[in-house]
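Encoded as structure tokens, the structure appears first; notes follow it.
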Amino acid sequence: MASVTSLSASLQQRVSAALAAAVPSAVDADPLLRRSDRADFQANGVLGLAKKAKANPRELAGAVLDALPADDVIAQIEVSGPGFLNITVSDAAITTTLAARAADDRLGVPAKEHPGVTVVDYAQPNVAKEMHVGHLRSSVIGDAICKVLEFGGEQVVRRHHIGDWGTQFGMLVQYLIEHPHELDHTEGEGDAGEASMSRLDRLYKASGALFKSDEAFKERARRRVVDLQAGDPETLELWQRFVDESKIYFDSVYRKLDIEIRDEDIVGESGYNDMLAETCDLLEKSGVAVWSNGALCVFFDDVKGKDGEPVPLIVRKTDGGYGYAATDLSAIRNRTGALHADTLLYVVDVRQSLHFKMVFETARRAGWLTDDVTARHLPFGTLLGKDGKPFKTRAGESVKLEDLLDEAVQRATAVVREKGEKIGLTDDEIRANGEQVGIGAVKYADLSTSLGRDYVFDLDRMVSLNGDTSVYVQYAYARTQSIFRKAAADQRPAAHPEVALEPSERALGLHLDAFGDTLAEVAEVYEPHRLAAYLYQLASLFTTFYEQCPVLTAEGGAAQVENRLFLCELTARTLRQGLALLGIRSPERL
Ligand SMILES: NC(=[NH2+])NCCC[C@H](N)C(=O)O
């Protein structure tokens, strides 16, 4: 493993040193180096510095330029406009840097030397209930964030905080006791996940109806909740059946989604049951929580309802039960304590923002979140239908996740079929591609919009070959592979720093060099859409390169062919790695 400093980062350092040499008070001044259309890079930092030092910006830029002579890396540097510095790097520097990346199996991307522990709370569906599109978003976004952090060397602990506890289980278990065969599997029932969900759904509805209509049953269900919380073995065993049955269903959805969920990472609400009483005790003793109208509450100056009355966080309800908040507070104690986390992330719907704000604040007051721990809710927006309203079926019901995924795969298969038949793919290959493209499209649409924004679920747009879609990126990858298949035996990728580069090769090369910087940014701000945007641009730059620069028939001779193949290969590896971090596959032939 050898990490490679990008040209942009090393120039940034050098310009910064030159600034300090020209204006001694400018130590640590940011040169504001950016990619530019006019040269490769433009440094805009001189302007602000000149203003501060009351100097003429063009003169100051000249002084910086003198401190920064052209050399092997900097082919040209000039002052432009009111005092910008335009910097062009040499072709050889680009190729040499890329060769160093290619020699490393991590593409030169550094891994943290002192990794922290980040707990990511994501993919948290609820037991005995259908998964909805919000669970989809949490799973897709959370999975990508875990992968990017892990690639950067961070120690990641995944936590699927599934909803597997609460009063509804009293009703469910009691119903199962009275109708013992309701969860039995029958032979030949088809898709196991769907069958499990429909059994659970039937049971949920039937027990709910009885709970409403039958006072005696209601009472038995209430007593069952007490048994459950007290850890009565028979009750727990039946409760476990609901959890197991739901896991069959979750598994089938996650398999379709191509997301791996490990059983040991599923620590649902029930996993903190043993801590709840203590959590509440500690809050009460420290005075962080107080009794109000029979409930144990935490109050906040800035959280008020419409009527101006304070809205508390309720940690213990009037009936003595512990709620969602007590569980989350206990989970924080577990994560910062036993798991030694220094960062806690929660990939959860924006509608739970107030909940997390209050939970974090409570944990700070209680001392469970200290200044050296970062806790962040990463809220995501709502999936909208084409009418701009929350995504629903025509009949107004919420959409089943599997149906949505199946439809995406169907559409994608139709899109890849025509071309696939032309290039001689078998039906199985076309179907496999359809899955990778369809699921990729759903994930990419989710990951390419910034998290907080609502977005419209539009399958036509999502599987379109032109535009900011995963298929477009996947096609660019497949194209690189087709070039390699067509290459003659003696046409191998090899870097040749002496070969001059065309503008489209330079643009592609400089973008390839920015992969590590992009990943570092994504890991810093938890915004996977920056990686999606990077990959889309990489695919676009590759497409332009491919249109403008013949690879196998390059006119500059064997060295140019090899150098272009080298660019293709590094592009392929970068696209593949980048897509993999987003949880998206790269079909070889498309
Ligand atoms: N630690 C947490 N509260 N995580 C989020 C859990 C999401 C919850 N199960 C839901 O479906 O809404």
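The values are calculated or read from the model by the stated rules, or taken from the named source; none is laboratory data. Note that the structure is a prediction, hence the values are computed from the model and not measured. Cβ: placed from backbone, ideal geometry, glycine included. Neighbour counts: every protein chain shown.
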Within region 138-164, work out how many residues are within 10 Å of the ligand (Cβ to nearest atom) and over 17 Å from Leu383 (Cβ atoms). 6
Among the residues of region 19-67, what is the count of those that are closer than 18 Å to Ile94 by Cβ, assigned to a loop (DSSP other than H, G, I, E, B) and among the basic types (Lys, Arg)? 1
Residues of region 344-380 classified as touching a residue at least 60 places away in the same chain (Cβ under 8 Å), farther than 22 Å from Glu284 by Cα and crowded, with 16+ Cβ neighbours inside 10 Å, total: 10
Sort out which residues of region 185-199 are hydrophobic (A, V, I, L, M, F, W, C) and either at pLDDT 95 or above or more than 16 Å from the ligand (Cβ to nearest atom) (or both), and write them in order of number. Ala192, Ala195
For Pro312, state whether it is free of Cβ contacts under 8 Å to residues at least 60 places away in the same chain and over 24 Å from Gln168 (Cα atoms). no
Say whether the condition of being within 29 Å of Gln168 (Cα to Cα), hydrophobic (A, V, I, L, M, F, W, C) and in a helix (DSSP H, G or I) is met by at least one residue in region 287-300. no
Residue pairs meeting the criteria (Cβ under 8 Å; at least 6 apart or on separate chains; first farther than 30 Å from Gly116 by Cβ and at pLDDT below 95, in region 158-184; second part of a loop (DSSP other than H, G, I, E, B) and not aliphatic (A, V, I, L, M)): Thr167/Gly321
Subset of region 250-270 [surrounded by 19 or more Cβ atoms within 10 Å (Cβ to Cβ) and farther than 20 Å from Lys443 by Cα]: Ile266, Val267, Gly268, Glu269, Ser270
Does at least one position in region 331-338 carry a residue that is surrounded by fewer than 18 Cβ atoms within 10 Å (Cβ to Cβ), within 16 Å of the ligand (Cβ to nearest atom) and under 22 Å from the mean Cα position of the chain (by Cα)? no
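Only residues that are in a helix (DSSP H, G or I), within 9 Å of the ligand (Cβ to nearest atom) and of a type in the set (D, E, K, R): list them for region 339-358, please. Working first, answer last.
Within region 339-358, the first condition is being in a helix (DSSP H, G or I), and the residues that meet it are 350-358.
Within this subset, residues satisfying the condition of being within 9 Å of the ligand (Cβ to nearest atom) are 351-352, 355-356.
Of everything in region 339-358, just one residue is in a helix (DSSP H, G or I), within 9 Å of the ligand (Cβ to nearest atom) and of a type in the set (D, E, K, R), namely Arg351.
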2 or more residues hydrophobic (A, V, I, L, M, F, W, C) and either modelled with pLDDT of 95 or more or over 16 Å from Ala539 (Cβ atoms) (or both): qualifying helices (runs of 4 or more DSSP H) within region 371-486: 401-422, 427-448, 470-486
